[in-house]
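Asker: One structure is given below, represented as structure tokens, and several questions about it will come after.
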Amino acid sequence: MPGLPRPARLAARVRVKVRFAGQLVDGWLLERAESSAHPKLAYLEKVVSPVPVLSPEVARLARAVADRYAGSLADVLRLAVPPRHARAEKAVTADADAPAAPDAPADADARPGGRAEVDPRGWRDYPAGPALLRALTDGRPARAVWSALPGEDWADRYADAVAATVAGGRGAVVVVADARDLDRLDAALTAVLGAGRHVRLTAADGPARRYRAFLAARRGDVAVVIGTRAAMFAPVERLGLVAIWDDGDDLHAEPRAPYPHARDVLLTRAQLGDAAALVGGYARSAEAQLLVETSWAREVVADRAVVRARTPAMAPTGDDPQLARDPGAASARLPSLAWTSARDALRADLPVLVQVPRRGYVPSVACADCRTPARCPHCAGPLALPSAQGTPACRWCGRVAAAYACPECGGRRLRASVTGARRTAEELGRAFPGVPVRTSGREEVLATVPGGAGLVIATPGAEPVADGGYGAVLLLDSWALLTRADLRAGEEALRRWMAAAALARPGTAGGRVVVVADGALAPVQALLRWDSAWFAARELAERRELGFPPAVRMASVTGVAEAVSDLLDGARLPDGAEVLGPVPADEGRERMLVRVPRSRAAALAEALHAAAGQRSARKAADPVRLQVDPLVLF
């Protein structure tokens, strides 16, 4: 056909256009064969680009991920290869014949065999840390679950691990949750490897820059790719290390079909490519604990003596002696222990971090007379106050409820039932006059703050790094995290608390962390001892007993009742599969859960994928959403 490359020159693993069911759709040329068993073949309509953007390793990985998550290969490839940007592609192709820049000189001592020894630096605080770096340098597939110490510069430790991998002549892929973490890791890698030795791969950098970085990795110009979950499929030659930081963050879960999790994709890459794997964080997820307990990975933790020396002074407000003298202090949002800790830090000219789980001003209000939650008269959504003089409005439909009257008692006065970050900043600004107050949240996320006296009010995940560390860290409204109707409520609360507490000045003589919660609660105990491994083991044991992921494999089937029943009736589920539900979902849909032992996970995914394919072939009208091991079950 006119305009197509000659068949002898047409490479495999390129983008093409094909006509299917009368429509021109995107496709992939995966391989070429001399003959075909199909009696009738169609012509390729167009070769989008002759550049082979899909590497054999990523193609094999995409097939494994599609099978793991009961999805289609096309959907996974859509996630694995970014959209083509013609101008960026032409620029990279034009530079293909340019001489490569010389490698940056190595600072480390030479090892036998011509390799460079990477200085373990902070990894010496962990007994297994130096051995991990030696294994990476030697090209051995070490697999580690790392629990970081308070105050640890995790970006530097990851840069050391990547440098050790590069010193062994292999490449690395590192995935982080958000842009702030990516900027920290970018700076750390530039300091260790030098400029131009790695690329960032994130959708936030824009289509052109992202595609150019992708092509640089695909052509082998760089051996290291870092990024958000968009980088989990990054094409890196001679892959020696895959790493993920803070794997419990829900940003690592892809919101598009087939909804893979970055941690599982990277671990699959390590398994298929015989590469090393590093799963790190201040807190440990139940999934990471399962890797340790099944001996798939080895834990890298510090000795308890080192942990005690590095952990800042921590206290729950439930142990405050003031409660014995004033029982009413138990209901105070800022108990005396938290207030005095903030005051002492400010007097010492140190910043104070206040973590508030909810953003906004007053995101939830109730009747001041009978305490009935205030709901929108039109859609039953929660009412909220945007400011001190604002009119209550619905958080769902946005309608203003200026003439609200309580349906239970007729009262018209409202009180705050949940206080947001902006209201907290306003209250603390009055409590500590003359002290600068900064907020970090959805509207504006701060990366760093000065080291002098000041108040920083932040929502979880938006805590900025303070120069020298915080003098005090206050964890308010703990009930909002612990009482969520979520299987991972305790695990998520501990993860967010430890991420904030790690920003305090290290050591018992440094900063102070106050959590407004009962010290007898298991997540609080894990925080006080800085022992997330203990809590993760406890969580995993409970989930084994109750039959919840990751101890079992569970799939969620969501849609209208008739469509869900149709799919499950047509699925040849493996023996021992349990069907749970239905439970209500959103917009008139329902959800069914299918649970199987982990040994039958592949059979479950295959059965659901086949049933979904049959419905698609019949052109069933109502769609069904399939998710394997979803983060939210209820």
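The values are calculated or read from the model by the stated rules, or taken from the named source; none is laboratory data. Here the structure is a predicted model, which is why all the values come from computation and not from measurement. Here the Cβ is made from the backbone with ideal geometry for all residues, glycine too, and neighbour counts use every protein chain on show. With ligands, DNA and RNA removed, areas are computed over all heavy atoms of the protein, side chains included. Shrake-Rupley method; radii C 1.70, N 1.55, O 1.52, S 1.80 Å.
Asker: Which of the three applies to segment 135-197, rounded, prolate or oblate, going by the alpha-carbon gyration tensor with a ≥ b ≥ c and a/c under 1.5 meaning rounded? Walk me through the numbers before you get to the answer.
Answerer: Numbers: a/c = 1.87, a/b = 1.20, b/c = 1.56.
In terms of gyration-tensor shape, oblate.
Asker: Using just the Cα positions, wrap segment 553-634 in a convex hull and report its mean projected area in square nanometres, one decimal place.
Answerer: Numbers: hull surface 19.6 nm².
Average projection, Cα convex hull of segment 553-634: 4.9 nm².
Asker: Still on this structure: Let a ≥ b ≥ c be the square roots of the eigenvalues of the Cα gyration tensor of segment 154-277; is it rounded (a/c under 1.5), or, if not, prolate (a/b larger than b/c) or oblate? Before the final figure, lay out the partial values.
Answerer: Working: a/c = 1.29, a/b = 1.18, b/c = 1.09.
It is rounded, given that a/c, with a ≥ b ≥ c, falls under 1.5.
Asker: Compute the relative contact order of the chain as a whole-number percentage, counting only Cα pairs closer than 8 Å that sit 6 or more residues apart in sequence.
Answerer: Relative contact order for the chain comes out at 12 percent.
Asker: A follow-up question, please. Which value in Å is the Kirkwood Rh of segment 264-303 over different Cα pairs?
Answerer: Numbers: mean 1/r = 0.0912 Å⁻¹.
About 11.0 Å for segment 264-303.
Asker: Oh, and also: With the crude spin-label approximation of a point 7 Å out along Cα→Cβ, what separation in nm comes out for CYS397 versus SER49?
Answerer: With each label placed 7 Å out from Cα toward Cβ, I get 4.7 nm.
Asker: Follow-up. Any idea what Rg and Dmax come out to for segment 243-317 if you just take the C-alpha atoms, in Å?
Answerer: Cα-based Rg and Dmax for segment 243-317 come out at 15.3, 49 Å.
Asker: To the nearest 10 square angstrom, what accessible area does SER478 show with a 1.4 Å probe?
Answerer: Approximately 10 Å² for this residue.
Asker: Using the Kirkwood radius over C-alpha pairs as Rh, can you work out the diffusion coefficient of segment 418-524 via Stokes-Einstein at 20 °C, viscosity 1.002 mPa s, in µm² per second? Walk me through the intermediate numbers first.
Answerer: Values: Rh = 14.6 Å.
Taking Rh from Cα pairs, D becomes 146 µm²/s.
Asker: I would also like to ask the following. Please list the three semi-axes, largest first and in whole Å, of the ellipsoid equivalent to segment 408-455, using sqrt of 5 times the eigenvalues of its alpha carbon gyration tensor. Don't skip to the end; give the middle numbers.
Answerer: Numbers: eigenvalues 189, 43, 6 Å².
Here the semi-axes work out to 31, 15, 6 Å.
Asker: Of ASP125, ASP247, ASP274, which has the most accessible area with a 1.4 Å probe, and how do the rest follow in descending order?
Answerer: Working: ASP125 60, ASP247 5, ASP274 90 Å².
Ranked from most to least accessible, the order is ASP274, ASP125, ASP247.
Asker: Rg (Å, one decimal) plus Dmax (Å, integer) for the alpha carbons of the chain?
Answerer: Gyration radius and largest Cα-Cα distance of the chain: 27.0, 89 Å.
Asker: In degrees between 0 and 90, to the nearest 10, how far off the longest principal axis of the chain does helix 262-273 point, with axes built from Cα atoms?
Answerer: The angle comes out near 40 degrees.
Asker: Right, something else. Only bridges with both residues in the chain count here: give the DSSP antiparallel percent, nearest 5.
Answerer: Numbers: 38 of 88 bridges.
Of the beta bridges lying entirely in the chain, close to 45 percent run antiparallel.
Asker: Further question: With all protein chains present, how much of the accessible area of the chain (probe radius 1.4 Å) comes from carbon and sulfur, to the nearest whole percent? Can you show the working numbers first?
Answerer: On the way: 15120 of 29560 Å².
On the chain, the fraction of accessible area on carbon and sulfur atoms equals 51 percent.
Asker: Let me understand segment 493-590 better: what is its radius of gyration from the alpha carbons, and its Dmax, in angstrom?
Answerer: So, for segment 493-590, Rg and Dmax equal 20.7, 64 Å respectively.
Asker: Sticking with this structure for a sec: Please state, rounded to one decimal and in Å, the Kirkwood hydrodynamic radius that segment 472-518 gives when every pair of distinct Cα atoms enters the mean of 1/r. Walk me through the intermediate numbers first.
Answerer: Working: mean 1/r = 0.0883 Å⁻¹.
Final number for the Kirkwood radius of segment 472-518 is 11.3 Å.
Asker: Just read off the accessible area of HIS378 with the full protein assembly in place, 1.4 Å probe, to the nearest 10 Å².
Answerer: Estimated to the nearest 10 Å², HIS378 gives 130 Å².
Asker: With a probe of 1.4 Å, find how much accessible area the chain has per residue, and write the answer as a whole number in Å². Show your work: numbers first, answer last.
Answerer: Working: 29560 Å² over 634 residues.
Ligands and nucleic acids excluded, the result is 47 Å² per residue.
Asker: Net charge within 10 Å of GLY381 by Cβ-Cβ distance, Lys/Arg positive one each and Asp/Glu negative one each, not counting GLY381 itself?
Answerer: Values: positive: ARG375, ARG395, ARG399; negative: none.
That sum, taken over residues with Cβ under 10 Å, equals +3.
Asker: List the relative contact order of segment 235-282 as a percent without decimals, with contacts defined as Cα pairs under 8 Å and 6+ residues apart. The partial results should precede the final answer.
Answerer: Values: 57 pairs, mean separation 25.0, N = 48.
Reported relative contact order: 52 percent.
Asker: Using DSSP loop states and a limit of at most 13 other Cβ atoms within 10 Å to flag GluC sites (Glu not before Pro), what is the longest stretch of the chain containing no flagged site?
Answerer: Numbers: sites that count: GLU31, GLU34, GLU408, GLU443, GLU444, GLU587.
Longest stretch, sites excluded: 35-407.
Asker: I need the P(r) histogram for segment 461-550: all alpha carbon pairs, bin width 5 Å from 0 out to the longest distance, whole percents.
Answerer: P(r) over segment 461-550, rounded to whole percents: 3, 13, 23, 23, 18, 11, 5, 3, 1.
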